[in-house]
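> Before anything else, here's the structure in question.
The values are calculated or read from the model by the stated rules, or taken from the named source; none is laboratory data. These numbers were taken from a predicted model, which means no experiment stands behind them. Every residue, glycine as well, gets a Cβ built from its backbone with ideal geometry; the counts of neighbours run over all protein chains shown.
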Amino acid sequence: MSLVIKIKGIIRNFPLGNELVKVLKGIDLEIERGEYVALMGPSGSGKSTLMNLLGCLDTPTAGTYELNGKDVSNMSQDELAEIRNKEIGFVFQTFNLLPRTTALDNVALPMVYAGATKEERKNRAEKVLTDVGLADRMDHKPSQLSGGQRQRVAVGRALVNKPSIILADEPTGNLDSKTSLEIMGLFDDIHKKGNTVIIVTHEEDIAKYAHRVIRLVDGMVSSDIRNQ
């Protein structure tokens, strides 16, 4: 298998007044293409900081991060933005959809930044929305959709540029238990199609869907277990 993520000795410190808060304390991590990983840990364990680094939203204080064989640890903000748009599909707890924009246009948005033509954007967004079960909701705005449907739009948007990894931060945090099951079923389907999926969660029943669970405590990996 080829590695999609390789992290070596990642340290992330944040200045707080005259103090230096050490959030990540030397993390080593390798994730292979096509893996389904849950990242867990109590509040303050560093999982959100690690997710921001994995998602190229932040850079480490020290250590290296290779994404698809490219060292992204010291890239400029512009270079990171380009990597994010091409390589990473984000799904957030709060959906982060544009309220006045249809499902179709919300999904097509990352392709605008990628420079796709209008026709390419429309065709690809239609296909992705059909794949996530929203073929009959393409012209609806977020306010006309249920929470679960909004999250499906968000998942579609994450998939549209065919990224290397799907990074989901508490993707069921705002959903009821029935809808959560549907969304996790959708992530299962996405993983079965060969996508690398990383889910950040504090819920054990959500982590069970993943094939590997990495737990952080106090800024270090405390366990890394593969589920059968």
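> Go through region 123-151 and give me each residue that's part of a helix (DSSP H, G or I), among the hydrophobic types (A, V, I, L, M, F, W, C) and surrounded by 16 or more Cβ atoms within 10 Å (Cβ to Cβ).
Within region 123-151, Ala125, Val128, Leu129 qualify.
> For region 20-116, give me every one of the helices (runs of 4 or more DSSP H) that falls completely inside it and has 1 or more residues that are acidic (Asp, Glu).
Qualifying helices (runs of 4 or more DSSP H): 77-87, 103-113.
> Filter region 170-228 down to residues that are over 18 Å from Phe95 (Cα atoms) and in a helix (DSSP H, G or I) and give me whichever is nearest to the chain's Cα centre (by Cα).
His191
Yes/no matrix, rows are residues, columns are (1) under 13 Å from Ala154 (Cα atoms); (2) modelled with pLDDT under 90; (3) surrounded by fewer than 16 Cβ atoms within 10 Å (Cβ to Cβ); (4) over 19 Å from the mean Cα position of the chain (by Cα):
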residue: Tyr65; (1), (2), (3), (4): no, no, no, no
residue: Thr94; (1), (2), (3), (4): yes, yes, yes, no
residue: Pro99; (1), (2), (3), (4): yes, no, yes, yes
residue: Thr102; (1), (2), (3), (4): yes, no, no, yes
residue: Asn106; (1), (2), (3), (4): yes, no, no, no
residue: Met111; (1), (2), (3), (4): no, yes, no, no
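For every residue, the table says whether it meets (1) at pLDDT below 95; (2) closer than 30 Å to Ser146 by Cα.
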{"residue": "Glu30", "(1), (2)": "no, no"}
{"residue": "Gly41", "(1), (2)": "yes, yes"}
{"residue": "Gly46", "(1), (2)": "yes, no"}
{"residue": "Leu57", "(1), (2)": "yes, yes"}
{"residue": "Lys70", "(1), (2)": "yes, no"}
{"residue": "Met75", "(1), (2)": "yes, no"}
{"residue": "Asp78", "(1), (2)": "yes, no"}
{"residue": "Ile83", "(1), (2)": "yes, no"}
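Yes or no, residue by residue, for (1) of a type in the set (Val, Ile, Thr); (2) touching a residue at least 24 places away in the same chain (Cβ under 8 Å); (3) surrounded by 15 or more Cβ atoms within 10 Å (Cβ to Cβ):
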site	(1), (2), (3)
Ile7	yes, yes, yes
Pro15	no, no, no
Ile27	yes, yes, yes
Glu30	no, yes, no
Gly34	no, yes, yes
Met40	no, yes, yes
Ser48	no, yes, yes
Met75	no, no, yes
Asp78	no, no, no
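> For region 144-187, what are the residues that are free of Cβ contacts under 8 Å to residues at least 60 places away in the same chain and charged (D, E, K, R)?
Scanning region 144-187 gives Arg150, Arg152, Lys162, Asp176, Lys178, Glu182.
> Within region 82-92, which residues are farther than 17 Å from Glu66 by Cβ and either touching a strand residue (DSSP E or B) at 6+ places or on another chain (Cβ under 6 Å) or free of Cβ contacts under 8 Å to residues at least 12 places away in the same chain (or both)?
In the first step, residues of region 82-92 are kept if they are farther than 17 Å from Glu66 by Cβ; the result is 85, 89-92.
Those that are farther than 17 Å from Glu66 by Cβ and either touching a strand residue (DSSP E or B) at 6+ places or on another chain (Cβ under 6 Å) or free of Cβ contacts under 8 Å to residues at least 12 places away in the same chain (or both): Gly89, Phe90, Val91, Phe92.
> Within region 189-228, can you find the residues that are of a type in the set (Val, Ile, Thr) and in contact with a helix residue (DSSP H, G or I) (Cβ under 6 Å, 6 or more places away or on another chain)?
Val197, Val200, Thr201, Val213
> Considering each residue of region 13-35, count those that are basic (Lys, Arg) and within 22 Å of Ser164 (Cβ to Cβ), and give that number. Break it down into steps so the answer makes sense when it comes.
Restricting attention to region 13-35, the residues satisfying the condition of being basic (Lys, Arg) are 22, 25, 33.
In the following step, the residues that additionally are within 22 Å of Ser164 (Cβ to Cβ) were identified as 33.
Of the residues in that region, 1 qualify.
> With (1) on the phi < 0 side of the Ramachandran plot; (2) in contact with a Pro (Cβ under 9 Å, 6 or more places away or on another chain) as the list, and Phe95 as the residue in question, which single condition is left unmet?
For Phe95, the failing item is (1).
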